Amino acid sequence: MDIITLHEQYKVLDGKSLTIEGWVRNHRAQKTFGFLDVSDGTHFRGVQVVYDEGRAENDKETQKIRIGSSVRIHGTLTLTPTMKQPYEIKADRIELVGDSPEDYPIQPKRHSREFLREHAHLRTRTNLFTALNRVRNVLTRAVHDFFQSRNFIHVASPIITGIDAEGAGELFKVTTLDLTNVPTTKEGNVDFTRDFFGKATNLTVTGQLEAEIFAQAYKKAYTFGPTFRAEKSNTTTHASEFWMIEPEFAFADLSDNMALAEAMVKHLISAVREGAPEEMAFFDRFVEKGLLKKLDSVLDKTFHRISHREAIEVLMQADTVFENKPTHGGDLATEHEKYLVNHFGGPVFVTDWPKDAKAFYMRLNDDGETVAAMDLLVPGAGEIIGGSQREERLDVLRERMAEMGIEEASMWWYLDLRKYGTTPHAGFGLGFDRMLMYVTGVANIRDVIPFPRTPRHCDF
Ligand code: 4AD
Ligand code: MG
């Protein structure tokens, strides 16, 4: 029987015999009896198993059961209304399924996050990572629920692509060329016509452009998948492989886009509050004090919306001395993001960015200087969303591409979408892992991603 079933039905199971299977998280053996904390992973909390002399038929062996072992317990559920836990299992027989020697790395004590990262194959058995992975799962489902209930159609955008849609050049190349004998052209460049796809390819940095294809046929679409960036930034919010949710919808502008993003963030917060109450209480208690209050306060207020120009003004008037000087034409540094979310006391949309700081597909504003972009900044995780209204005017788009040195030949199909029945449309990308950081208070992206990939790290 799964432990979640026990937790849900323990009252009617009082006095009943049952069998559970799981792993021993802790073992307190006394002289003639003992307690095992057993977790089977089907619920955040495990179950306490008691054995005593004469009752558990093999208790000599039981005394020796070690932490980390897998066990099968045959016993009787007993209500314990006077104790901390509402019931326990009195063991009749305990089978050791798989022993775990003394050197089991995950002992019931505090381990450092760094140590646990090096044991990502076993950190899944700790409370913190059980809570994280369970919240991640609730969040995944909530993402689909949110978009499905609004008639967005899911599209699995390709992982291998020939384009650099963000234009940042942070690409992982995909090739089957023999790296010890790379074919070259007459000019001495790599001859990708001899490569697997007959051209240079890479792992995708975004599914947006394919989502746009879907939006131009089905009005509302979204992707939810892995994206890859060969950024050499070693920060607590950057991973080389991360998941993104990218909705894209036709007949929509920047303000529709922000309304959708805000509704989604609130939906996701409500979903984890309702769907993982024990896990969230754990984060509030052990990871970020005041987390639940912070999240709940977000639910009933409208997010601040300020233009990039106004944001820079706020920063220029700040008492703080920034390492990076805020400038009107420039990007926002992490320290600026931090200042802004503190200043406004919660999530902030920064809109209308200088065009040079952003990608080619963003719609040019009438001032000719800024684009109809929006970033959502939140405490802790920083920028969790980046999005924009898209440039739907063929001539303006071609001009922007020329300015940024993007070849039309490689983007012919993207231009076709403007040629044949273009629409004002918009979309954004939510960094799923950063969202998980935000709702759990866990400060390093290496801990919210089960098997993180960062520069020089690709284990498990
Ligand atoms: O702002 P970005 O680069 O936007 C896009 O890729 C657009 N195509 C999205 C769209 O409009 N459809 O990335 C979107 C989000 C960021 O706000 C951030 O949350 C996350 O993706 N992100 C990362 N998360 C973890 N590690 C990284 N290296 C990330 N880079 C971006
Ligand atoms: Mg961005």
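The values are calculated or read from the model by the stated rules, or taken from the named source; none is laboratory data. Please read these numbers as outputs of a predicted model, since none were measured by experiment. Please note: Cβ atoms are built from the backbone with ideal geometry, for glycine as well, and neighbour counts cover all protein chains shown. Side chains included, ligands, DNA and RNA excluded: accessible areas come from the protein's heavy atoms. Shrake-Rupley method; radii C 1.70, N 1.55, O 1.52, S 1.80 Å.
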If a residue counts only when it is at pLDDT 95 or above and surrounded by fewer than 18 Cβ atoms within 10 Å (Cβ to Cβ), which strands (runs of 3 or more DSSP E) contained entirely in the range 1-95 have at least 3 such residues? 17-29, 70-79
Which of (1) out of contact with any strand residue (DSSP E or B) (no Cβ under 8 Å at 6 or more places or on another chain); (2) buried (at least 16 other Cβ atoms within 10 Å of the Cβ) does GLU335 not meet, given it meets every other one? (2)
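Confirm whether VAL321 is over 26 Å from the mean Cα position of the chain (by Cα), open to solvent by 50 Å² or more (accessible area, probe 1.4 Å) and not hydroxyl-bearing (Ser, Thr, Tyr). Explain how you work it out, then say what you get.
Working: over 26 Å from the mean Cα position of the chain (by Cα): yes; open to solvent by 50 Å² or more (accessible area, probe 1.4 Å): yes; not hydroxyl-bearing (Ser, Thr, Tyr): yes.
The answer is yes for VAL321.
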Counted residues, the range 120-153 - those being out of contact with any Lys or Arg (no Cβ under 8 Å at 6 or more places or on another chain) and more than 21 Å from LEU436 (Cα to Cα): 1
Filter the range 227-242 down to the residues that are surrounded by 15 or more Cβ atoms within 10 Å (Cβ to Cβ) and more than 8 Å from ligand 1 (Cβ to nearest atom) and list them by number. PHE228, ALA230, THR236, GLU241
Please find, among ALA381, ALA357, the residue that is within 14 Å of ligand 2 (Cβ to nearest atom) and either surrounded by 17 or more Cβ atoms within 10 Å (Cβ to Cβ) or of a type in the set (Val, Ile, Thr) (or both). ALA381
Which residues, taken from the range 402-439, are surrounded by fewer than 19 Cβ atoms within 10 Å (Cβ to Cβ) and touching a strand residue (DSSP E or B) at 6+ places or on another chain (Cβ under 6 Å)? THR423
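Does at least one position in the range 185-194 carry a residue that is within 16 Å of ligand 1 (Cβ to nearest atom), open to solvent by 30 Å² or more (accessible area, probe 1.4 Å) and among the hydrophobic types (A, V, I, L, M, F, W, C)? Write out each step before concluding.
Taking the range 185-194 and keeping what is within 16 Å of ligand 1 (Cβ to nearest atom), we get none.
No: the range 185-194 contains no residue that is within 16 Å of ligand 1 (Cβ to nearest atom), open to solvent by 30 Å² or more (accessible area, probe 1.4 Å) and among the hydrophobic types (A, V, I, L, M, F, W, C).
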Which of (1) among the hydrophobic types (A, V, I, L, M, F, W, C); (2) open to solvent by less than 40 Å² (accessible area, probe 1.4 Å); (3) out of contact with any Gly (no Cβ under 7 Å at 6 or more places or on another chain); (4) in contact (Cβ under 8 Å) with a residue 24 or more places away in the chain does ILE213 not meet, given it meets every other one? (2)
Looking at the range 244-263, which of its residues are open to solvent by less than 30 Å² (accessible area, probe 1.4 Å) and part of a helix (DSSP H, G or I)? LEU254, ASN257, MET258, LEU260, ALA261, GLU262
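Can you name every residue in the range 384-401 that is away from ligand 2 (no atom under 13 Å from the Cβ), in contact (Cβ under 8 Å) with a residue 60 or more places away in the chain and open to solvent by less than 10 Å² (accessible area, probe 1.4 Å)?
Restricting attention to the range 384-401, the residues satisfying the condition of being away from ligand 2 (no atom under 13 Å from the Cβ) are 389-401.
Then drop every residue that is not in contact (Cβ under 8 Å) with a residue 60 or more places away in the chain, which leaves 389-390.
The answer is ARG390, and nothing else.
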Give the residue that is nearest to LEU203 (Cα to Cα), with candidates limited to residues of the range 223-267 that are modelled with pLDDT under 95 and away from ligand 2 (no atom under 16 Å from the Cβ). LYS232
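Among helices (runs of 4 or more DSSP H) lying entirely in the range 291-406, which contain 1 or more residues that are closer than 30 Å to THR423 by Cβ and within 15 Å of ligand 1 (Cβ to nearest atom)?
Numbers: elements: 291-299, 308-316, 334-344, 394-403.
Answer list for the range 291-406: 308-316.
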Identity of the residue in the range 415-440, outside any strand (DSSP E or B) and within 15 Å of ligand 2 (Cβ to nearest atom), that ends up farthest from PHE451 (Cα to Cα): MET435
Looking only at the range 275-286, how many residues end up being surrounded by fewer than 17 Cβ atoms within 10 Å (Cβ to Cβ) and in a loop (DSSP other than H, G, I, E, B)? 0
Checking the condition among the aliphatic types (A, V, I, L, M), at pLDDT 95 or above, open to solvent by 50 Å² or more (accessible area, probe 1.4 Å) and outside any helix (DSSP H, G or I), which residue from LEU177, LEU171 passes? LEU171
